[in-house]
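Worksheet for the structure shown next.
The values are calculated or read from the model by the stated rules, or taken from the named source; none is laboratory data. Given the structure is predicted, the values throughout are model-derived calculations rather than measurements. Heads up, the Cβs are rebuilt from the backbone with ideal geometry, glycines too, and the neighbour counts pull from every protein chain shown. Heads up: the accessible areas ignore ligands, DNA and RNA and are worked out on the full protein's heavy atoms, side chains in. Shrake-Rupley method; radii C 1.70, N 1.55, O 1.52, S 1.80 Å.
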Amino acid sequence: MTTQTPPLVSLQDPKDVSIDVIEAELRSIWNAYSNNEDGIVATRATTFTFIVYEPEPTQYLLAVLGFYTGPIDGIAGPRTTAAIKSAQKAYGLEITGKSNQAFIEKLQAEFEKVKAEGQLSDAQQMVAKAYSPDLEGTGVTDSIAASNPCRIITLCPTVGEDEGVKVQVSAYCPINKRSQNTLICCEYITLRGTAAALERIGGIISELTISGLPTFVWWKASPQPEYGLFKRLASQGDTVIVDSSTFSSPEENLLEIGQMLEQNIPLADLNWGRIAPWQELTAAAFDPPERRGAVLEVDRVTIDYERGNASQALMYLGWVATRLQWRPVAYEYEGGDYDIRRIKFLNNEQNTIEAELAGVPLADWGDVLGDLISLKLSSTNLQADCCTVLCSGTTGCMRMEASGGAQACRIEQVTSLADQNTEHLLGRQLQRWGTDPLYEESLKVTMAILKLANNN
């Protein structure tokens with residue numbers, strides 16, 4: 001679903017400026033519109049600072065084309081350099097190990113070519129799917145600004161030559177925020193340079209946040225807890241927002257997120273918001289008085305998700321375990337076409353609960369890689385009235401129902417919700433800051449599961 005962004009009035013198109021005159025340039029924009037001939041007064045918003053870390057597409061395109069297997073983080077390490085050289089050699093370009101606009105355009109052309117010819121492997125298609133929401137969502141920030149006029153600082157790490165940091169400033173006003181002759185406007189600061197160059201000016205970036213107002217950081221990349229700039233922003237922001245649906249190494253990155261939460265870093269995951277309808281329907285299934293006690297009989301959990309990213313499935317399982325006080329004790333990875341994972345839990349009575357996560361390969365992918373398809377909560381006690389099936393479509397329900405069992409199951413369909421897309425989830429997150437205690441509790445169990453996996 002595409003959301004219509006309110007029109008924006010441009011006060012100042014992107015203008016190249018020196019890094020040491022950013023605030024002066026912004027002040028000059030507002031001074032120019034404080035009392036002009038047509039009587040319209042434009043004032044800067046005083047809501048919050050929104051920092052967006054958004055790498056340019058070199059690493060993403062290299063990964064999709066099969067040259068790169070590292071994190072999509074905008075940090076040009078040895079793997080990125082080697083991947084660039086491999087691509088340059090494959091496409092008959094000068095081998096420099098550096099990216100530039102011409103190289104990016106070549107990669108984009110090659111990607112479109114192999115995509116049109118249907119030559120992407122399953123692995124390449126999963127990479128493409130994981131990052132397409134970011135590439136297609138360049139208007140998301142503008143939409144957020146239109147609804148929440150603020151100061152937006154966009155950090156664009158590049159993997160080319162380190163030539164310092166280039167700066168642009170601009171200002172736009174959403175017309176739906178116009179009150180009589182006054183426009184409440186959003187100011188943009190764009191900083192472009194290598195990850196190392198951006199890290200060098202970390203102190204300046206911190207100074208650009210509006211004092212006394214909340215600061216949100218949207219990290220549109222794989223989290224890098226050891227990267228100096230990430231550390232600085234995470235320590236100073238009121239909330240660092242990530243999206244585990246785009247993680248390049250989901251299980252490893254979820255562990256890192258959990259470890260950062262343990263360090264009291266305020267983190268929020270947009271992907272956590274996407275499983276809210278599943279949580280709500282699960283809770284509702286056991287709301288009737290006659291079923292409330294039956295939930296304690298659940299000892300079998302089956303979760304199907306779109307293959308490629310198990311984050312939603314793992315977080316949902318962590319949530320169920322926290323609600324029913326299950327403790328993970330064993331993990332088994334089978335792999336295969338369905339990428340099977342089996343987890344055993346113990347409850348407070350030391351009874352065993354078994355869960356199975358299956359990554360289902362789909363020809364027709366959804367909007368987000370790793371979306372839940374269906375799930376089943378049931379019991380080995382055939383007299384228990386606890387069997388519950390939730391699904392996102394007919395196929396999911398049919399598979400869960402076909403799994404057999406003598407129990408009658410309560411079946412619910414999770415409808416597709418427009419407010420589960422990135423824009424709406426982000427907009428809701430910007431209305432609050434800090435962490436969600438339920439998310440933290442659930443992720444602790446998810447971390448315990450992943451630690452068992454690492455010990456195998």
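Once fully extended, how much extra length lies between Asp20 and Ile340, figured as 0.36 nm per residue of separation less the alpha-carbon to alpha-carbon distance? Write down the numbers at each step before the final one.
On the way: separation 320, 0.36 × 320 = 115.20 nm, distance 5.40 nm.
Answer, rounded to one decimal: 109.8 nm.
Using only Cα atoms, locate the centre of region 154-173 and the centre of region 258-324, then give the distance between them in Å, rounded to an integer.
With region 154-173 and region 258-324 each reduced to a Cα centre, they are spaced 39 Å.
Roughly how tilted is helix 101-116, in degrees to the nearest 10 and between 0 and 90, from the longest Cα axis of the chain?
The helix 101-116 is inclined about 40 degrees to the chain.
Normalised by the number of residues in the chain, what is the relative contact order in percent for Cα pairs under 8 Å and 6+ residues apart? Don't skip to the answer; put the middle values down first.
Numbers: 866 pairs, mean separation 71.6, N = 456.
RCO, the chain: 16 percent.
Above 41 Å lies some portion of the pair distances; for the chain, what is it as a whole percent of all C-alpha pairs?
On the way: 25155 of 103740 pairs.
When all Cα pairs of the chain are counted, 24 percent exceed 41 Å.
Please report, in debye to the nearest 20, how large the charge dipole of the chain is about its Cα centre when each Lys and Arg carries +1 at its beta carbon and each Asp and Glu carries -1 there. Show your work: numbers first, answer last.
Details: 37 positive and 58 negative charges, 68 e Å.
Computed charge dipole of the chain: roughly 320 debye.
Provide Met126, Met447 ordered by accessible surface of protein heavy atoms (probe 1.4 Å), highest first.
Numbers: Met126 50, Met447 5 Å².
Reading off the accessible areas and sorting them downward yields Met126, Met447.
Give me the percent of accessible area attributable to carbon and sulfur for region 45-135, probe 1.4 angstrom.
In region 45-135, the share of accessible area belonging to carbon and sulfur is 52 percent.
State, to one decimal in nm, how far the label point of Glu207 lies from the label point of Arg323, with both points 7 Å from Cα in the Cβ direction.
The answer from the label model is 5.0 nm.
Give a quick list of chymotrypsin sites (Phe, Trp or Tyr not before Pro) in region 301-374 that DSSP marks as loop, anything other than H, G, I, E or B, with at most 15 other Cβ atoms within 10 Å.
Working: sites: Tyr305, Tyr316, Trp319, Trp326, Tyr331, Tyr333, Tyr338, Phe345, Trp365; in loops: Trp326, Tyr338, Trp365.
Filter output for region 301-374: Tyr338.
Just to check I understand the Karplus step: with θ = phi - 60° and J = 6.51 cos²θ - 1.76 cosθ + 1.60, what whole-Hz values come out for region 264-269, glycine and proline as x?
6, 7, x, 10, 9, 10
State, to one decimal in nm, how far the label point of Gln236 lies from the label point of Asn347, with both points 7 Å from Cα in the Cβ direction.
With each label point 7 Å from Cα toward Cβ, the separation is 4.9 nm.
Roughly how many Å² is the accessible area per residue of region 46-99, as a whole number, for a 1.4 Å probe?
Working: 2140 Å² over 54 residues.
Using a 1.4 Å probe on heavy atoms only, each residue of region 46-99 averages 40 Å².
Each residue of region 57-72 in order: what ³J(HN,Hα) in whole Hz does its phi give by Karplus 6.51 cos²θ - 1.76 cosθ + 1.60, θ = phi - 60°, with x for Gly and Pro?
For region 57-72, the Karplus-derived couplings read x, 4, 4, 4, 5, 4, 5, 4, 7, x, 8, 9, 10, x, x, 8 Hz, x marking Gly and Pro.
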